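Take a look at the structure set out below.
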Protein chains: 2
Amino acid sequence: MEPAADPERPQHLPDEVDVLIVGAGPAGLAAFAQLAQFPGISTRLIERRAGRLEIGQADGLQARSIESFQAFGFAQRVIEESYRIYSMAFWRPDPERPTEIVRTRLVPDDPSGISEFPHLILNQARVLDYFAEFAFNSPARAVPDYGVEFVGLEVTGDAVLVTVRQNDQERVIRAKYVLGCDGARSQVREAIGRKLVGQAAMHAWGVMDVLANTDFPDFRTKCAIQSHDGRNILLIPREGGYLTRFYVDLGEVPKDDAGSVRRTPLVSIVEQANRILHPYRIEVQDVPWWSVYEVGHRLTDKFHDADESPKVFITGDACHTHSAKAGQGMNVSIQDGWNIAWKLGHVLDGRARPELLETYSAERQVVAQNLIAFDKEWSALMAMPADQMPDPAHLEDFYVKTFEFPAGFMTQYQPSMLTAQPTHQHLATGFPIGKRFKSALVHRVSDTTPVHLGHHARADGRWRIYVFADNGEKAHGLAAELTVQEAWFDLKIIYQQPFAEVQIQKVPAVFRPKQGRLQVTDWERIYATGDGHDIFAERGISRDGAIVVVRPDQYVANVLPLTAGDELTSFFAGIQV
Amino acid sequence: MEPAADPERPQHLPDEVDVLIVGAGPAGLAAFAQLAQFPGISTRLIERRAGRLEIGQADGLQARSIESFQAFGFAQRVIEESYRIYSMAFWRPDPERPTEIVRTRLVPDDPSGISEFPHLILNQARVLDYFAEFAFNSPARAVPDYGVEFVGLEVTGDAVLVTVRQNDQERVIRAKYVLGCDGARSQVREAIGRKLVGQAAMHAWGVMDVLANTDFPDFRTKCAIQSHDGRNILLIPREGGYLTRFYVDLGEVPKDDAGSVRRTPLVSIVEQANRILHPYRIEVQDVPWWSVYEVGHRLTDKFHDADESPKVFITGDACHTHSAKAGQGMNVSIQDGWNIAWKLGHVLDGRARPELLETYSAERQVVAQNLIAFDKEWSALMAMPADQMPDPAHLEDFYVKTFEFPAGFMTQYQPSMLTAQPTHQHLATGFPIGKRFKSALVHRVSDTTPVHLGHHARADGRWRIYVFADNGEKAHGLAAELTVQEAWFDLKIIYQQPFAEVQIQKVPAVFRPKQGRLQVTDWERIYATGDGHDIFAERGISRDGAIVVVRPDQYVANVLPLTAGDELTSFFAGIQV
Ligand SMILES: Cc1cc2nc3c(=O)[nH]c(=O)nc-3n(C[C@H](O)[C@H](O)[C@H](O)COP(=O)(O)OP(=O)(O)OC[C@H]3O[C@@H](n4cnc5c(N)ncnc54)[C@H](O)[C@@H]3O)c2cc1C
Ligand SMILES: Cc1cc2nc3c(=O)[nH]c(=O)nc-3n(C[C@H](O)[C@H](O)[C@H](O)COP(=O)(O)OP(=O)(O)OC[C@H]3O[C@@H](n4cnc5c(N)ncnc54)[C@H](O)[C@@H]3O)c2cc1C
């Protein structure tokens, strides 16, 4: 049963909107999906392409993205259709016979169990489809406007006038805010005068999805392959069981290349691949997609138009470009889009002060800086001939050591109006303030079932307040003070005793709210430990209890003692209107 | 992207079909879904209702059903939307104050981890939707014919002439086989002269799905509640977080009742519930669905029309009826439907001898007998006043002790043309011949990923042959003899060494077949142990290796030594044409 379209939503792009998103890539669609949860805000997404993306582009999905998909309700479906990266193999020249490669190491991709979610490979087009589906199933019943091109914009006092082209006709749309999610050649970025700066040099990759027969044994395992002459391949199997993607290094692009690398024919890429794979060979049967992908390490200094009252924001590849080697492009872009989207939602909805929007660039520009630094190091290492490495296992060691980064979990936002000082961090050491909330298993008291506490956090734009109860009555004392607005906050209590010992009818009423038209009890706010699951031990939560505050995009904003009802109030007073 | 309908499939019910299924309940739709995998066979399903089931009926899904859904590709989606039964609570009269109930025990629902899948509660309508979706996405692009009623049938020499009514018009359809999946009042059963026999007495239940506020603490946990006067409630929470189903015992139906119990009003059911719950109360806010469900323990002696060359088969409630207490109705019906469907597929497809069809009744009638025996015992126990029990914990003990039965795993088919004698059972003690293949984690060698071996068995109508390799060369010797037809058999090899030690290029070619138009290698037939997963240890497989043969419906058919290539051939010769 498809839900019906919203009769109140104009079918055609209206003249005035609250938010205009430009570009239906991962950043734009993630933002669009989040904003669709705010039915009171009119959001439109324009995309130059005539319809959905069908094939190609990025494919790496780090665990942090799958966690995010969980909030958007499609993690399981993505897991089922993806290729899972469980190991990574390293191949290098055989010291005895340097023109032949040998496997030097096979390392686990997630040695430390950094997330309950896997590291996956899936066509970007599928991910975009899922976000679009979520947007359509949301209260706003939002559908992208395809075939509409951004031409230019002008920021006036209280609005942005955006010129768009559709069916060869130009028109002006008045938006309160504009999100430029229009990729590496972003015209929104140009329109606000921001520049991608960084290395002048571009690096070229022949990227091909191949169906092949081969005697290379790791054709279905992710590999970094280095040949004796310093050339390399990043090999990444694809979903479905047969296809494998090759990123074949085509080297640095000379300044005077004038696009000639982009004309590299497919046969040369295959030839180059076979040279690197020697003594193994691939016999290519079909290449459903390939491209030459040129990219440099570049970054803009700010992700918005003006430090005061910004009205235009840029995200994803529009702000930062880097190699495909660390598999970051789609992932970081999604987080950019989600970050700015809920903030716009809160400001336009009247929940938060407009200053909240300034935290977007402050938070995400640092992430992009780190990403580029990491990617530079990783790319340089991959390109370094084996005999120049400090030690033979240097590359593999770097991969294993830095694993948290590419999985997407190194992001830690610094103190700001959104992120508290770590004054009370010791009360919940496993929930570092500024990092994403790492889920753990708890038992729902009402039905005794084990569930992941973090998986209840859906992309509904709400803050989460987790009350980890003490053994005594402090948690209940706090409850007596708490009044929360259901639409803005999701409040839960977690007891440290086993589920069978919690007397549910004695839990304070604020954790058993009555919901909906019929005012029936919501039984799903009350959790406990049990059957080998103890979130208090696993996440270093004090037996005196703690309040853990989590943002709508899953980052920990604050940790407080149970007696700090006032501090909790003043924390939100710093954000809300 | 919805797949397009098959242009070759007639939109309207044709005059001749291979298989005509009557009734779109769980049995009929499971059979329809399986047969849709055989595009060469024309199968139609007629259903009296004008469209899909929308609400009500059964809701219990045992782990065996979820395993089956895995094969049909929708287990994960069902898990995500269902209520999960993790514990069961028992409430009985307080010995001190017998008019008040107290919780005497809370027991885990699956104490032994009998399956990797959970025990769930979900509206029957959703399950039917999923089977219908699978049928439509199958090669046959099958869609049920709603609004068509079965009127009668006549078995001629080589066909069944079925009279149906549609839009008040009768017509005759010629079918090679007919499946009567038309429920407890089956007209197909009547037409072939089979009778439901058993207890004359019917037992009545007031069944209601309620939204309520209550001080009863286990409103969201499955409970058996017994009051001092021997009345009882089976309480089962529903998916979605709010709704709970009550089965309120209305007692034995007197012979001369003449339908009066069926006229029991909702208020009396609620009143009765509150009497049993005393001192707790439910305040009902809404009852989206309720019914009075009368049922007796009844069974037909045979599930087909004739012992020789049967052409008409009956399934599910058409063959067996019993209480809802053990939560079996939907589950057993699904297995009935699946069992007969793949067999019909094989016979009509020319893969198997028609005698195969006789195994259906032989296998499933015994299952139904056992079900009814179990349900009688369980129902009698639930109705027995506490002071008549042999000991106070008798009911709970029975529940815990017999857990394997209601989970759906007690079924063990006896030796037949399909089920070998347990001559070599000692080679794989964890795969009892005749029981369902219990999955375990293995590692796929090509990509090192841990996967459930059993989850690769899809409902594609194929036999599975698992070759568990010895340390030496017997498995490879067997491989040299094996030639299998891809469309009929799914052949896999599992090595006992860790995945990193298997040299994939040395694995015999039969386990690395080339597939499809492009003839590219299928890398996903080769498995191993590793990272703490050792299927050899977990399933008692001999280090000398074994061949395990599994039927299209997941039951183990044979266990053989690796040297028994001939026996394997003669086993299949007994089935195939
Ligand atoms: C051709 C190509 C191949 C790539 N290959 C790889 C790869 O192999 N591996 C890898 O990791 N990453 C690859 N990437 C990068 C990866 O896809 C990006 O990092 C990721 O998509 C960034 O997401 P985004 O939302 O910021 O931008 P994008 O995904 O680039 O989306 C921008 C969208 O904006 C639209 N748009 C642009 N200008 C306008 C306009 N004026 N008006 C309206 N709409 C506009 C575009 O049509 C596009 O849909 C590739 C990118 C491209 C473009
Ligand atoms: C009203 C009702 C309430 C129930 N409540 C519960 C419950 O609370 N708990 C529980 O565990 N079980 C319950 N059951 C039983 C449970 O639903 C069955 O065990 C299960 O559905 C059996 O599946 P089936 O496929 O054999 O038959 P059914 O699900 O009964 O399906 C039979 C189908 O055949 C169709 N049909 C019948 N006659 C004809 C005809 N002449 N021509 C064409 N189509 C025809 C019917 O419309 C129906 O769709 C209930 C059943 C019914 C009918």
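Counting only residues that are on the phi > 0 side of the Ramachandran plot and aliphatic (A, V, I, L, M), segment A:258-317 holds 1 of them. Are any of the residues in segment B:374-392 of a type in the set (A, V, I, L, M) and under 26 Å from B:V188 (Cα atoms)? Within segment B:374-392, none of the residues are of a type in the set (A, V, I, L, M) and under 26 Å from B:V188 (Cα atoms).
Listed here are the residues, each with its yes/no results for (1) at pLDDT 95 or above; (2) buried (at least 16 other Cβ atoms within 10 Å of the Cβ); (3) closer than 16 Å to B:L179 by Cα.
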| site | (1), (2), (3) |
| --- | --- |
| B:N123 | no, yes, no |
| B:D129 | yes, yes, no |
| B:A132 | yes, yes, no |
| B:V162 | yes, yes, yes |
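No other residue among B:V270, B:V312, B:V295, B:V287 is out of contact with any Asp or Glu (no Cβ under 6 Å at 6 or more places or on another chain), over 26 Å from B:E377 (Cα atoms), away from every other protein chain (no Cβ under 14 Å) and β-branched (V, I, T) apart from B:V270. Among the residues of segment A:202-242, write down those that are touching a Ser or Thr at 6+ places or on another chain (Cβ under 9 Å), within 11 Å of chain B (Cβ to nearest Cβ) and either among the polar types (S, T, N, Q) or more than 18 Å from A:N123 (Cβ to Cβ) (or both). A:A212, A:N213, A:T214, A:P217, A:D218, A:F219, A:T221 - these are the residues of segment A:202-242 that are touching a Ser or Thr at 6+ places or on another chain (Cβ under 9 Å), within 11 Å of chain B (Cβ to nearest Cβ) and either among the polar types (S, T, N, Q) or more than 18 Å from A:N123 (Cβ to Cβ) (or both). Within segment A:187-199, being more than 8 Å from ligand 1 (Cβ to nearest atom) and either in contact with a Leu (Cβ under 9 Å, 6 or more places away or on another chain) or part of a strand (DSSP E or B) (or both) holds for A:R189, A:A191, A:I192, A:L196, A:V197, A:G198. Considering only segment A:115-151, how many residues are at positive phi and within 13 Å of ligand 1 (Cβ to nearest atom)? The total comes to 1.
Selection of segment B:40-64 for residues being small (G, A, S), buried (at least 19 other Cβ atoms within 10 Å of the Cβ) and farther than 19 Å from B:K222 by Cα yields only B:S42. Taking the numbered list (1) farther than 17 Å from B:A324 by Cα; (2) loosely packed, with under 15 Cβ neighbours inside 10 Å; (3) under 32 Å from the mean Cα position of the chain (by Cα) in turn, B:P254 passes all entries but (3). In this entry, B:A36 is excluded by the filter for residues that are away from ligand 2 (no atom under 16 Å from the Cβ), within 14 Å of chain A (Cβ to nearest Cβ) and at pLDDT 95 or above.
Evaluated against (1) in a strand (DSSP E or B); (2) touching a residue at least 60 places away in the same chain (Cβ under 8 Å); (3) of a type in the set (G, A, S), A:A184 falls short on exactly one condition, (1). Evaluating B:W91 against the criteria (1) under 24 Å from B:A457 (Cα atoms); (2) away from ligand 2 (no atom under 16 Å from the Cβ) leaves one unmet condition, (1).
When B:L371, B:L395 are checked against the criterion of being touching a strand residue (DSSP E or B) at 6+ places or on another chain (Cβ under 8 Å) and over 23 Å from B:S115 (Cβ atoms), B:L395 stands alone in meeting it. For segment A:358-398, the set of residues classified as touching a residue at least 60 places away in the same chain (Cβ under 8 Å) and either of a type in the set (G, A, S) or touching a Phe, Trp or Tyr at 6+ places or on another chain (Cβ under 9 Å) (or both) consists of A:R364, A:Q365, A:A368, A:S379, A:A383, A:A386, A:A393, A:L395, A:E396, listed by residue number. Could you please let me know if A:A71 is surrounded by fewer than 24 Cβ atoms within 10 Å (Cβ to Cβ) and more than 29 Å from A:W205 (Cα to Cα)? The answer is yes for A:A71.
Test B:G193 against the criterion of being away from chain A (no Cβ under 14 Å), at positive phi and within 27 Å of the chain's Cα centre (by Cα), and give yes or no. Yes; evaluated as a whole, the condition is true for this residue. Scanning segment B:140-159 for residues being of a type in the set (V, I, T) and within 15 Å of ligand 2 (Cβ to nearest atom) gives a total of 2. Scanning segment A:461-488 for residues that are in contact (Cβ under 8 Å) with a residue 12 or more places away in the chain and surrounded by fewer than 16 Cβ atoms within 10 Å (Cβ to Cβ) returns A:N471, A:G477, A:A480, A:E481, A:T483, A:V484, A:E486, A:A487.
Going by the structure shown, is B:T315 touching a strand residue (DSSP E or B) at 6+ places or on another chain (Cβ under 6 Å) and hydroxyl-bearing (S, T, Y)? It is false that B:T315 is touching a strand residue (DSSP E or B) at 6+ places or on another chain (Cβ under 6 Å) and hydroxyl-bearing (S, T, Y).
For segment A:522-547, the set of residues classified as farther than 18 Å from B:L106 by Cα, within 14 Å of another protein chain (Cβ to nearest Cβ) and without any contact (Cβ under 8 Å) to a residue 24 or more places away in the chain consists of A:D522 only. Just one of the listed residues (B:K325, B:K255, B:K302) is away from chain A (no Cβ under 14 Å), assigned to a loop (DSSP other than H, G, I, E, B) and within 16 Å of ligand 2 (Cβ to nearest atom), namely B:K325. Exactly one residue out of B:R464, B:R436, B:R444 is under 31 Å from the mean Cα position of the chain (by Cα), basic (K, R) and within 24 Å of A:T244 (Cα to Cα), and it is B:R444.
Yes/no per residue for (1) under 17 Å from the mean Cα position of the chain (by Cα); (2) surrounded by 23 or more Cβ atoms within 10 Å (Cβ to Cβ); (3) under 24 Å from B:K435 (Cβ atoms):
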{"position": "B:V292", "(1), (2), (3)": "no, no, no"}
{"position": "B:V295", "(1), (2), (3)": "no, no, no"}
{"position": "B:R298", "(1), (2), (3)": "no, no, no"}
{"position": "B:D301", "(1), (2), (3)": "no, no, no"}
{"position": "B:S309", "(1), (2), (3)": "no, no, no"}
{"position": "B:D336", "(1), (2), (3)": "yes, yes, yes"}
{"position": "B:L348", "(1), (2), (3)": "no, no, no"}
{"position": "B:V366", "(1), (2), (3)": "yes, no, yes"}
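Within segment B:430-446, restricting attention to residues that are part of a loop (DSSP other than H, G, I, E, B) and within 14 Å of chain A (Cβ to nearest Cβ), which residue is surrounded by the fewest Cβ atoms within 10 Å (Cβ to Cβ)? Among those that are part of a loop (DSSP other than H, G, I, E, B) and within 14 Å of chain A (Cβ to nearest Cβ), it is B:S446. One residue stands out among those in segment B:503-521 that are away from chain A (no Cβ under 11 Å), surrounded by fewer than 21 Cβ atoms within 10 Å (Cβ to Cβ) and among the hydrophobic types (A, V, I, L, M, F, W, C): the one that is nearest to B:I465 (Cα to Cα), which is B:V510.
The values are calculated or read from the model by the stated rules, or taken from the named source; none is laboratory data. Bear in mind the structure is a predicted one, so any value in this text is a computation, not a measurement. Cβ coordinates were reconstructed from backbone atoms using ideal geometry, including for glycine residues, and neighbour counts include every protein chain displayed.
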